[in-house]
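Single-structure report; data block below.
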Amino acid sequence: MKRHVLARILALLAVPALCVTAPVAAHAAAGAGTGSGDGWIRLAHLSPNTPAVDVYLYSFGDSSAMIVLKHVGYGDVSPYERVASGQYSVAMRAAGAAATSSPVLSTSVQIEPGHAYTVAGMGPESGLRLTILDDQLTTPPDHALVRVIQASLLQHVVNVALGGHTVAPSLAFASVSGYQTVAPGTDTIRVTAAGGDANKAVTLAAETVHTLVVLDGSKGLEVVDLEDAAGNTSIPASGVATGLGGTAPQGPASTVMWLVLIAAGSALVLAGATRMWLLRRWRVTRLTRLRA
């Protein structure tokens, strides 16, 4: 195979690789590093008797949503999203409602550099409100931090203990405890209430921050453990998406998938390029024979 033909084939092979890997590189670049003016935000639906909603995040003064979470149900908590510091608005609409319709609920939130926030729909449907929580990202050395969100409507008041240490006494529905400093290790979260209780084993590594969410489950109280941050890096953990719907900014679902696509595209291009080369070679050979 002549050099210029081989070079052309290699160039063609590079095209699908660049086209497919470009989104991967862009997504990686977006997640790598953090500007000094950035903060983080996550969104949650913690109102037991409120139907599913669509949640929108807007930058102040911009009518185009930066983030859209579809069909967010009770107990759903999004991962943190990194955003530039500044003012934003959060709007909730009934699931499936037009993006141009009036929101059921909205609020504004100021994102400060280096801070993380949870914006949660809380309370009963009749008194639904958006609550803005300033999330802690660092801990005392060799310790962990724990706070509790009480999102159970069936049990209006709960007591939450970690091992033998009470971290949230008499916590009322739709309220949030302060952070408690605890020793790291594996222990049991015990939630007790007048009408039932719940136990959950959790591992609290040193220098991690946790939010424990008390929910109404199908068989009584449930506890969800969200690891908000780890390692005292001042950067939130990726978070736990508990059954969340789709978000507007989508990244690659799997590196393996992209590699398969690259390989498949490359094989098709190689087959096409080889066919072109063989056809050209046959024409040259046939023309030479005719001239002879």
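Where a number appears in this text, it was derived from the coordinates with a stated rule and is not lab data. Everything numeric here is computed off the predicted structure, so don't read it as measured data. We place every Cβ from the backbone using ideal geometry, glycine too, and count neighbours over all the protein chains shown.
A few points about this structure:
- Once the Cα-Cα distance is subtracted from the 0.36 nm per residue extended length, the Thr181 to Asp38 segment shows a gain of 48.8 nm.
- In nm, spacing of pseudo-spin labels at Ser85 and Ser218 (7 Å Cα→C-beta vector): 4.6
- Other-chain or far-sequence residues with amide H under 5 Å of His210's (modelled H): Leu145, Val146, Arg147, Asp228
- Take the Cα of Ile132, go 7 Å toward its beta carbon, and the backbone nitrogen atoms of the range 35-55 under 15 Å from that spot belong to 39-44.
- Distance between the range 94-115 and the range 36-82 - C-alpha centres, whole angstrom: 7
- Stretched out straight at 0.36 nm per residue, the stretch from Ser63 to Thr107 would grow longer than its current Cα-Cα span by 14.4 nm.
- A cut-off under 14 angstrom between Cβ atoms defines the neighbours of His71, and their net charge, with Lys, Arg +1 and Asp, Glu -1, is 0.
- Label point at Asn232 placed 7 Å out along Cα→Cβ; residues across the range 187-214 whose backbone nitrogen lies under 15 Å: 205-209
- Rounded to the nearest 20, the Cβ-based charge dipole of the range 138-232 about its Cα centre (Lys and Arg +1, Asp and Glu -1) stands at 240 debye.
- Using 0.36 nm per residue and subtracting the Cα-Cα separation, the extra length available between Asn49 and Thr188 on full extension is 47.2 nm.
- Karplus (6.51, -1.76, 1.60) ³J(HN,Hα), θ = phi - 60°, over the range 189-198, in Hz, Gly and Pro reported as x: 7, 10, 10, 10, 8, 4, x, x, 9, 8
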